Amino acid sequence: MAKPKKTPRPKAETPKGFRDYFGAEVTQRAEMLRKIAGVYHRYGFDALESSGVETVEALGKFLPDVDRPNEGVFAWQEDADADKPGDWLALRYDLTAPLARVYAQHRNDLPTPYRRYAMGPVWRNEKPGPGRFRQFYQCDADTVGAPSVAADAEICAMLADCLEEVGIERGDYIVRVNNRKVLNGVMEVAGVLDPSDPDKFASERGIVLRAIDKLDRLGLDGVRALLGSGRKDDSGDFTDGAGLTDTQADVVMGFMQAKRDTGAETVARLRDLVEGSAVGLQGVEELETIADLMAAGGYGPDRVEIDPSVVRGLGYYTGPVFEAELTFEIKDDKGRVRNFGSVAGGGRYDDLVKRFTGQEVPATGVSIGVDRLLAALHAKGRLTSDTVGPVVVTVMDKARMADYQAMVAELRQAGIRAEVYLGNPKNFGNQLKYADRRGSPVAVIAGGDEFDSGMIQIKDLILGAKIAENATLEEWKDRPSQYEVPRADLVAKVREILELDR
């Protein structure tokens, strides 16, 4: 008789493109979200928490075929009812599409304009790579129902304030602003597009936008190739281009290089480029208004600037677009020096809610990449992976567990993070190793003799580690790393040590 096959053990590994977060990573993200939410709240935005799952229809995706629905998102089909197939559902891939659905669904109960912020994970069913995960956090703020470009200007100012609030110093970032209407005007003047044919206009514009959006990665020559016949990369793969003539490509490249020394000079150059296009001139005037509002609010060109090279890749933007770039240099995985790059972006999307209501609803917003910002702060040395653990009350006598719990309760009630060691107390050395592994600043030690005398031992673990590394004998004697104090002084002495070791 054959032996029954053993059920194979599952592999203890995260799915491809996902990762786990521990300790300091989680608390640092939570602290960053708290700071950004504080800025959003200060600007008058209300919090919104929507579902992590939306219908495919609400997300605006289309089913290419039944075998692979919604490439780019994680989607599945509900069980079918007797009279109809099941709905296709998907994990949200951003926080903007759900907002459009929420506003359309609840618009009669919401104020106009509706100002909301939202924070949470989003999911992309895309090929993962170094630093590119399929689940990541976004932190959005949007104004729905405000047609004025003053709403776009406010978003830019708020974005600058958020960066400074989380620790990105002025001079280490720039918020760059452009307007899709200007680019549309440039292409209209160049004879690239015919706005009288909306479907063809949208398709051709998308090809050009995707080419321009690769400027940072491919440089001017690479973009120029994509505007023309196409480009072959280093691996030999060929990407079809937009098929523009040399003259047409020259006009588009001129737009990308229209930035001048001052915002006024840049706007003047853009005005020249779109002469004869009504939509282009409207976009230039909107940029001019944004620049004026920024200056009035004290947001100079060192924080917010007009930059025609910003296009943003998403096709639903209809007006101003903006991007926050960190300007300091870092080294990549191969040791090459480069700028850190973009950490946030957004723009105006007046057509997104229209999909639900049939009526145009003006909207504008921004999305901050929290994980990118955390990586930037680590790269600047303003955050470390080190975290201060809890005070550990060690256990010398299991029969006195109630006394140890009383100690830890006092510390917690005083606002001090603390825990009783709950492992096997037989080997005291293992308790101190545990405290060290937790990054604990202090260990509290009390056995039978200490309880009888009303005294306890308090060990400064941070100082002890420093002394062990490089302190002289005189320094050791001048400030010992372990103290004997009355039991009643537990909280006061621990607090004193924590303040000294900060």
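The values are calculated or read from the model by the stated rules, or taken from the named source; none is laboratory data. Predicted model, so just to flag it, every value in this text is computed and none were measured. Please note: Cβ atoms are built from the backbone with ideal geometry, for glycine as well, and neighbour counts cover all protein chains shown. When the accessible area is computed, the model is the full protein with side chains, heavy atoms only, and any ligands, DNA or RNA have been set aside. Shrake-Rupley method; radii C 1.70, N 1.55, O 1.52, S 1.80 Å.
Quick notes on this one:
- Sites ASN108 and LYS232 - FRET efficiency at Förster radius 56 Å, r taken between beta-carbons, to 0.05: 0.55
- Residue by residue, the range 173-184 carries 3J(HN,Hα) couplings of 8, 8, 9, 9, 10, 9, 9, 4, 5, 5, 5, 4 Hz when phi is fed to the Karplus relation 6.51 cos²θ - 1.76 cosθ + 1.60 (θ = phi - 60°); x denotes Gly or Pro.
- Here the accessible area is traced with a 1.4 Å probe on the protein chains. For the chain, carbon and sulfur cover 49 percent of it.
- Cα-only radius of gyration and Dmax that characterise the chain, units Å: 29.3, 93
- Between LYS35 and LYS3, the C-beta separation translates, for a Förster distance of 60 Å, into a calculated FRET efficiency of about 0.50.
- Dipole of the range 109-185, positive end: most advanced residue of GLY185, PHE136, GLY120 [Cβ charges, Cα centre]: GLY185
- Expected 222 nm ellipticity per residue - DSSP helices of 4 or more, -39500 (n - 2.57), all of the chain, to 500: -12000 deg cm²/dmol
- Bridge orientation summary for the chain: considering DSSP beta bridges with both residues in this region, about 85 percent are antiparallel.
- The range 102-191: proportion of alpha-carbon pairs further apart than 23 angstrom, %: 53
- FRET E, pair GLN135, ALA488, Förster distance 41 Å, beta-carbon r, rounded to 0.05: 0.25
- In sequence order, the range 120-133 has phi-based couplings of x, x, 10, 10, 10, 8, 10, 5, x, x, x, x, 10, 10 Hz under the Karplus curve 6.51 cos²θ - 1.76 cosθ + 1.60, θ = phi - 60°, and Gly or Pro positions carry x.
- Distance-filtered residues of the range 439-459 - backbone nitrogen under 16 Å, label point 7 angstrom along VAL388 Cα→Cβ: 439-444, 459
- Projecting the Cα atoms of THR262, SER440, ASN424 onto the charge dipole of the chain, computed from C-beta unit charges around the Cα centre, puts ASN424 farthest toward the positive end.
- Distant-in-sequence amide H partners of ILE306 (H built 1.01 Å from N, under 5 Å): VAL177
- The chain: relative contact order in percent, alpha carbon pairs under 8 Å with at least 6 residues between: 13
- Per-peptide packing, taken as the mean over residues of other Cβ atoms within 10 Å, places 87-96, 362-371 in the sequence 362-371, 87-96 from highest down.
- Simple point charges give the picture: +1 on the Cβ of Lys and Arg, -1 on the Cβ of Asp and Glu, and for the chain a dipole about the Cα centre of about 1780 debye.
- Cα convex hull, the range 1-154: 219 Å³ per residue, rounded to a whole number.
- Amide hydrogen neighbours beyond the local backbone of VAL420, cut-off 5 Å, H modeled: VAL393
- Computed packing ranks the peptides 220-226, 345-351, 180-186, 18-24 as 180-186, 345-351, 220-226, 18-24, most packed first, by mean other Cβ atoms within 10 Å.
- In this structure the amide hydrogen of GLY230, modeled in the peptide plane, comes within under 5 Å of the amide hydrogens of GLY241, none closer than 5 places in sequence on its chain.
- Net lengthening on full extension, ARG437/ASN125 (0.36 nm per residue, minus Cα-Cα): 108.7 nm
- In order through the range 366-371: 3J(HN,Hα) via Karplus (6.51 cos²θ - 1.76 cosθ + 1.60), integer Hz, x for Gly, Pro: 9, 10, 9, x, 4, 5
- Surface per residue (accessible, 1.4 Å probe) for the range 359-410, Å²: 44
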